Structures are given as structure tokens and as C-alpha cells.
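Heads up, the thing below is written out as C-alpha cells.
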Amino acid sequence: MSVIEALLDLQDVDNRITECEAELKELPARKAQENATLNGASEDLKAAKATLLQFEQRVKEYESTAKELKDKRDDLKRGQISLKTQKEYVQFSIQIDQVEHDIETAENNARATMDELPGAEARVLKAQEAYDAKKGEIEACCAEFDKRIAEVKAELAEANADRAEKAKAVDDPQFMLYYERLRSRGSLGWPAVVALTPDGVCDGCHLQQPPSVSQLVDQNAKNAAKGGKMRIIACNMCGRMLYR
Ligand SMILES: [Zn+2]
């Protein structure tokens, strides 16, 4: 195997590693996005529960008002018995009538509010069902993400182990150093090893190379075929290693 072939193998593994790393970076964000869609359903449920609670509290308030008023009416009626004058008696009667009227109003309000309860309860139930369904959907989806994360982690571990082997196979330190330098440049230097097309164009940056570069690349290939030492032939523009 020529040093270029060994580098191409290494480059394949490095591509796999990059893909795994990119996916591992992206998956948690997608999972978080999925979880965030539950917020809408959660808000609906909260609002429905708050409305129901409001109705229930208002019923309690009206009922307690009615009870207080009834106590007041009973007190007035008890007091009325011991009154001395007709005038006082009439005054108490007027007050009692007023309180009776207030009791009726409070009781009517309590009943009217109670009528709202079944609808509000149904809305809570419906919102709860929607929330549970959405939650189940998201949990299934997140379980898929977790499964994928575990798979990619395993793939990455395997690729890293593979990389150590492939790097050992590159038996020319100069090529290795040059390759690593290109790799560290990211997209500007990647892929580090590219073909020189039959018409002499760098497959990395697509610049036409001078004929001398083509000759050197071909010479390199011939040397390698004979088991000889190869030279680094780089693109004039992007510096990537060229081969044929
Ligand atoms: Zn180039």
C-alpha cells in the first residue's frame, strides 16, 4: 500500500469521526427542541386548570357569603322578638328583607357559577388528554434520540480505534505531518488528499494545475507502483495533496 492509499484510508475514518461528532452535537439540541413543543400543551392545561379553580373558588365565596347573611338574618330575627316598639320592629323587618334579598342574590350567583363547573372540568380533561398524548409522543421520540446517541457514540469509539490503526499504516512522518496540518485547517484544507483530474484540475479547489504538477503526480504514482518512496505533491492554490 502506498502512503497516499494509507492516507486515503485514514481520511475515510476521519470523515466518519467528523460525521459522528457533528451528529452528537446536533442530537441533544433536537431533543431539546422536541421537549419544548410540550410547553404549548402544558400552557393550555395550566390555563384550563386555573379557570376551573377560579370557578370553584367563586362558588365557595358565594356560599360562604350566603351563610354569613343567613347568620345575620337569624340574629336579626332573634333580636326582633325582644324589641319594645312597633317602629323598631318595622325597621328590623326592613333589614331582614334586605338580607333575605342579598341571600337570594348570593345563592343565585353560586348556582350560576356551579353551572360553569362541568364545562370547565371537561376542558381540563380535554387539555390533560392532549398533554398526555403529546407527552407520550415526545417521550417515544426522545427515546429514539437517546438510542441514536448511544449508537453514534459506539460508532465514534469504533472509528477512533480504527483511526489509531489507520494512522499507524501511514509510514511516512512527513506525509502524516502535512496531512494533520491540512486537517487542522478545517474546510479550507479538507479533504486533505484529493485526486488530480485527468485534465489536470485539483479536485479540492478546482484550480487548473500547471503541466509540471501533473508530471510530478504521475511520477509519484509510478514510483509507488514500483514500491518506491513518494513525494508530497501539493496543489498550487489550496495546498491539498494531489494523487492519481
Ligand atoms: Zn487545490
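Yes or no: region 204-223 includes at least one residue that is within 13 Å of the ligand (Cβ to nearest atom), under 21 Å from Thr18 (Cβ atoms) and not hydrophobic (A, V, I, L, M, F, W, C). Looking for residues that are within 13 Å of the ligand (Cβ to nearest atom), under 21 Å from Thr18 (Cβ atoms) and not hydrophobic (A, V, I, L, M, F, W, C), one finds at least one in region 204-223, hence yes.
Of the residues contained in region 182-192, one or more are found to be away from the ligand (no atom under 16 Å from the Cβ), at negative phi and not in a strand (DSSP E or B).
Taken together, Glu116, Glu129 contain a single residue that is at pLDDT 95 or above, under 23 Å from Leu53 (Cα atoms), among the charged types (D, E, K, R) and touching a helix residue (DSSP H, G or I) at 6+ places or on another chain (Cβ under 7 Å), which is Glu116.
Taken together, the residues in region 146-183 that are of a type in the set (Lys, Arg) and in contact (Cβ under 8 Å) with a residue 24 or more places away in the chain amount to 5. A search for C-beta distances below 7 Å between a residue of region 214-240 that is basic (Lys, Arg) and any residue that is in a loop (DSSP other than H, G, I, E, B) and within 13 Å of the ligand (Cβ to nearest atom), counting only pairs 6+ apart in sequence or on different chains, returns Arg240/Gly189; Arg240/Ala192; Arg240/Gly204. Kindly indicate whether any position in region 33-54 is closer than 25 Å to Ile103 by Cβ and either within 30 Å of the chain's Cα centre (by Cα) or modelled with pLDDT of 95 or more (or both). The answer is yes; a qualifying residue exists. Tallying residues that are touching a residue at least 24 places away in the same chain (Cβ under 8 Å) and charged (D, E, K, R) within region 78-133 yields 7.
Please verify whether region 225-232 includes one or more residues that are among the small types (Gly, Ala, Ser), modelled with pLDDT under 95 and within 15 Å of the ligand (Cβ to nearest atom). Scanning region 225-232, I find no residue that is among the small types (Gly, Ala, Ser), modelled with pLDDT under 95 and within 15 Å of the ligand (Cβ to nearest atom), so the answer is no. Residues in region 155-175 that are surrounded by fewer than 17 Cβ atoms within 10 Å (Cβ to Cβ) and closer than 10 Å to Ala6 by Cβ: Lys168, Ala169, Asp171. Considering only residues of region 201-244 that are charged (D, E, K, R) and outside any helix (DSSP H, G or I), which is surrounded by the fewest Cβ atoms within 10 Å (Cβ to Cβ)? Here the answer is Lys226.
The values are calculated or read from the model by the stated rules, or taken from the named source; none is laboratory data. Quantities reported herein were computed from a predicted structural model and do not represent experimental measurements. Note: ideal-geometry Cβ built from the backbone for every residue, glycine included; neighbour counts use all protein chains shown.
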